[in-house]
Amino acid sequence: MGKCSLAVDIGASSGRLIAGRIVNNKLKLDEVYRFENNLIEKDGHFCWDVDALFSEIKKGIHECRNKGLQPTSIGIDTWAVDFVLLGENDERLTDAVAYRDSRTDGMMEEVFEIISKERLYLETGIQFQKFNTIYQLFSIKKSNPEILDKAQSFLMIPDYFNYLLTGQKVNEYTNATSTQLVNAFTKKWDVGLLDQLGINKEMFHDMKAPTSEVGPLKKELADEFGFDMKVLLPATHDTGSAVISVPEVNDTIYISSGTWSLIGVENHFPICVTKALDYNFTNEGGMDYRYRFLKNIMGLWMIQEVKRNYDDKYSFSDFVDLANKATTFQATVNVDDNRFLKPDSMIEQIQKYCSETNQPIPNIPGEVAKCVFDSLAVSYQTAIAQIEEIYEKEFQTINVIGGGCQNEMLNQLIADTTNKEVLAGPVEATAIGNIVAQLIALGELKDINEARRMIKQSFDVKKYMTQKV
Ligand code: LFR
């Protein structure tokens, strides 16, 4: 049986289990299992179906045997900010309400009445997104304070799956920073903020960093799978894992392209200056206590929703072809506008925005898709200008990683609008980052630098230069 490490990478629209191992000094990946992820509606809220997701994880682990793979370790990453609360008998007190749910509407402003925006930013370095965990917890405090008082455990989504696999409750550091409740400098839960908001601090667990071990599998699960393995911590925030896969991170702006586009640079320290606050850049905790200074851009969510609005009649590559044919159509929207976060109809919101701003209204699929891609490229360009202003220097290269880097049209558009070299790849950046963290924990790779060298020699990247004359 082939020994390997298993990455479980779950995004907002799909999850996958990918096995990785080192063969002849290169990282080799085998996709083991893939499944869908969707929001469900429960008691008037959009939620993640964590029970269904856990059973998909288990199915994927079973599938390893059929593929002749024997994982020595497993690591789980997902999107950030969302969580469940457990009670005194470890029963779930809350559903895993999703960050696109409207329960946080208006919460940010209420929190600012207790703690100023500036203080929050100076202490945590985290961007203001209405869905951050801090505002989700505050909304529970307002609607069901007794739940917060009863809660014994705060577990983010990957922490919860780790608990189900091992029985151990830990909070992983990189994902914890996305709560906006971790001090960016001490790297610990910011007890002062919790006290001031009246949020029960006892439910938070010790924080563990990527490459730590959570524990072995529960005995009954090891028996069920027919093998034991170590449950290890990668950067459990998917973006944290993805950015590890940027091979040449110095002097490069990365775009982790998926449901969201996360655009930024890697640092060894947080940047909490006024301009960073004004431009709403975040300093998320990363592997090796590095920081991701980045901005969230609405990303491919917009085209995913457009696809859904057209009843899945067109594939993503159909949209690219159709957009390519809509050459004369020209209109852009501000993708950061909150109206695009969870609209009933993305197409209608895009049309409404264009009409309100006196632009041509996209009416056919190619025009809608072109509007989305052009708008994304414009917002990347704006974010890059902001980064360059804060850094007081120009960056030459943009490295697009993740599933979205397969969109050749968008890659070319980025090269054309920014006039910079665009590198595309690796596609499975998040799973790769997850696997190398496990290999470091197992002593098969020395550190993040060695991991990045290996990633560079293992995966092809495609280069795009501006075609504008
Ligand atoms: C990307 C991501 C982003 C985070 C958003 C919400 O999948 O993790 O980094 O801001 O989802 O959790």
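Once the dipole of the range 246-425 is set up with Lys and Arg at +1 and Asp and Glu at -1 on Cβ about the Cα centre, which of LEU410, THR259, THR274 lies farthest towards its positive end? The one lying farthest along the dipole's positive direction is THR259. With the convex hull drawn around the C-alpha atoms of the range 246-425, the volume per residue stands at 118 Å³.
Pairwise Cα separations in the chain fall into 10 Å bins from 0 onward with the following percentages, short to long: 4, 21, 31, 28, 14, 2, 0.
For the range 106-230, the tally of Lys pairs with Cα-Cα distances below 18 Å comes to 22, considering only residues 8 or more apart or on different chains. When the helices of the chain are scored as -39500 (n - 2.57) per DSSP H run of n ≥ 4 and the total is divided over every residue, the value at 222 nm lands at -11500 deg cm²/dmol. Cross-link partners of LYS393 among lysines, defined as those whose alpha carbon lies under 26 angstrom from its own and excluding same-chain residues fewer than eight positions apart: LYS275, LYS295, LYS420, LYS456, LYS462, LYS463, LYS468. Only Lys, Arg, Asp and Glu carry charge here, each on its Cβ (+1 for the first two, -1 for the last two); on that basis the chain has a dipole of about 1060 debye about its Cα centre. Give the residue from LEU39, ALA19, ILE199 lying farthest towards the positive end of the charge dipole for the chain; charges sit on Cβ (+1 for Lys and Arg, -1 for Asp and Glu) and the dipole is referred to the Cα centre. Projecting each Cα onto the dipole axis, the largest value belongs to ALA19. Projecting the Cα positions of ASN296, ASN419, PHE83 onto the charge dipole of the chain (unit charges on Cβ atoms of Lys, Arg, Asp and Glu, taken about the Cα centre) puts ASN419 furthest along the positive direction. Fully extending the segment from GLU408 to LYS352, taken as 0.36 nm per residue of separation minus the present Cα-Cα distance, adds 17.4 nm. Label reach from ASN250 (point 7 Å along Cα→C-beta): in the range 451-469, amide nitrogens under 18 Å belong to 451-457. Compared with the direct C-alpha span, the chain from SER143 to GLU109 gains 10.6 nm at full extension, assuming 0.36 nm per residue. For the range 2-232, the dipole from Cβ point charges (+1 on Lys and Arg, -1 on Asp and Glu) about the Cα centre works out to 960 debye, to the nearest 20. Based on C-alpha pairs under 8 angstrom that are at least 6 apart in sequence, the range 2-232 has a relative contact order of 19 percent.
The residues packed around ASP238, meaning those with a beta-carbon under 9 Å from its beta-carbon, carry a net charge of -2 if Lys and Arg are +1 and Asp and Glu are -1.
Under a model in which nothing but the beta-carbon of Lys, Arg (+1) and Asp, Glu (-1) is charged, the range 246-425 shows a dipole of about 260 debye around its Cα centre.
Membrane-span-like helices of the chain, defined as complete DSSP H segments with a Cα extent of 27 Å or more along the helix axis and a mean Kyte hydropathy of at least -1.0, are identified as 365-391. If R0 is taken as 41 Å, the Cβ-Cβ distance between ARG339 and LYS456 corresponds to a FRET efficiency of 0.55. In a fully extended conformation the segment linking PHE269 and LYS201 would gain 21.8 nm over its present Cα-Cα distance, using 0.36 nm per residue.
Where both bridge residues fall in the chain, DSSP classifies roughly 65% of the beta bridges as antiparallel.
Throughout, read-outs are computed from the coordinates displayed, never taken from laboratory work. Quick caveat: nothing in here was measured; it's all calculated off a predicted structure. Positions of Cβ are backbone-derived with ideal geometry, glycine not excepted, and every protein chain shown enters the neighbour counts.
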